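Structure first, commentary second.
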Amino acid sequence: MEPHRLLPRHLLLPAVAAAVVSFGIVALVGRQVAGERTAGRVDRAAFAVADAVFDRLPGVAGPLAWASRPVAMISVIVLMVLAALWARRPRVALLAVLGPVITAGLNSWVLKPVVDRTHDGYLAYPSGHTATLVSIFTVFTLVTAANAPPGRRLARTAATAAACLALIAVAVSAIVVLRFHYLTDAVGAFFWAIAGVVTVAAALDLLPGTHPRARLTPLRAYRA
């Protein structure tokens, strides 16, 4: 493992704060929708807005929703892994895989059954498609923030985050208008993915690293 941290010192406190807040929002929204079998007021309003927008864009929702399909997301993950390995950043490659996989796995096997919110008979909260998609974009943003030059760190991170948010908004809009999920399912998934990826990154930073002349202990690797 290379000694570079996924969460360097300048990112540690903001990342932990974002994860804590995100976990709280996931729990709060989950409590509000737990056990629901139909759309609430917010979700009915979201359906109406999405319908009004996409009625003017016939045939567009389907292709846009394709971004949240497994084939598309797996392809992006593979490209991220290859790029990270080419750059000799195995820790980033691990995050590109484990971030989405762990986030999606816990989402499907733990969160959904606990909340027990259904849509058309399927467990819906948080949205698994949205959680996986957002986790991929969270990895992009986190790696950008961790590796940008100090003088350009804020600008590059903001630009990456803005681009990712725009793409997520488009995909989620398509998911909602096609009635794959309620909007609140996507909101919960958004914050769950952020918290999940940050947690995975913090765990990977505890792995021991290598140095040109000596192995780093786990503590030294975390401080590198």
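The values are calculated or read from the model by the stated rules, or taken from the named source; none is laboratory data. Keep in mind that this is a model prediction, so the values were computed, not measured. Note that each Cβ is placed from the backbone with ideal geometry, even for glycine, and that neighbours are counted across all protein chains shown. Ligands, DNA and RNA are stripped out before the accessible areas are found, and what is left, the full protein with its side chains, is counted by its heavy atoms. Shrake-Rupley method; radii C 1.70, N 1.55, O 1.52, S 1.80 Å.
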Quiz prompt | Conditions (1) open to solvent by 50 Å² or more (accessible area, probe 1.4 Å); (2) in contact (Cβ under 8 Å) with a residue 40 or more places away in the chain; number of the one not met by residue 118 | solution = (1)
Quiz item: Would you say residue 174 is within 12 Å of the chain's Cα centre (by Cα) and either part of a helix (DSSP H, G or I) or among the hydrophobic types (A, V, I, L, M, F, W, C) (or both)?
Solution: no
Quiz prompt | Boolean, residue 39 is at pLDDT 95 or above and either surrounded by fewer than 15 Cβ atoms within 10 Å (Cβ to Cβ) or within 21 Å of residue 111 (Cα to Cα) (or both) | solution = no
Quiz item: How do the pairs read when you match residues in segment 67-84 that are over 15 Å from residue 134 (Cα atoms) with residues anywhere that are charged (D, E, K, R) and crowded, with 18+ Cβ neighbours inside 10 Å, using Cβ under 9 Å and keeping only pairs 6 or more apart or on different chains?
Solution: 83/89; 84/91
Quiz prompt | Hey, residue 93 surrounded by 15 or more Cβ atoms within 10 Å (Cβ to Cβ) and either within 22 Å of residue 167 (Cβ to Cβ) or within 21 Å of the chain's Cα centre (by Cα) (or both) or not | solution = yes
Exercise. Residue by residue through segment 1-22, note down the ones that are hydrophobic (A, V, I, L, M, F, W, C), in contact with a Gly (Cβ under 9 Å, 6 or more places away or on another chain) and at pLDDT 95 or above.
Key: 19
Quiz item: Just one of 157, 138 is among the polar types (S, T, N, Q), without any contact (Cβ under 8 Å) to a residue 60 or more places away in the chain and closer than 25 Å to residue 4 by Cα; which is it?
Solution: 157
Exercise. Inspect all residues belonging to segment 90-99 and state whether any of them is touching a residue at least 40 places away in the same chain (Cβ under 8 Å) and more than 18 Å from residue 145 (Cβ to Cβ).
Key: yes
Quiz item: Among (1) closer than 23 Å to residue 23 by Cβ; (2) assigned to a helix (DSSP H, G or I); (3) open to solvent by less than 30 Å² (accessible area, probe 1.4 Å); (4) modelled with pLDDT of 95 or more, which single condition is residue 77 missing?
Solution: (1)
Exercise. Quickly run through segment 70-126 and pick out the residues that are farther than 20 Å from residue 183 by Cα and in contact with a strand residue (DSSP E or B) (Cβ under 8 Å, 6 or more places away or on another chain).
Key: none
Self-check item: Restricting segment 132-148 to residues that are assigned to a helix (DSSP H, G or I), of a type in the set (Gly, Ala, Ser) and modelled with pLDDT under 95, the residue that is least open to solvent (accessible area, probe 1.4 Å)
Solution: 145
Quiz item: Take the residues of segment 192-224 that are surrounded by 14 or more Cβ atoms within 10 Å (Cβ to Cβ) and hydroxyl-bearing (Ser, Thr, Tyr): which is modelled with the highest pLDDT?
Solution: 199
Exercise. Determine which single condition residue 71 fails, assuming it passes every other condition in (1) farther than 16 Å from residue 136 by Cα; (2) β-branched (Val, Ile, Thr); (3) surrounded by fewer than 13 Cβ atoms within 10 Å (Cβ to Cβ).
Key: (1)
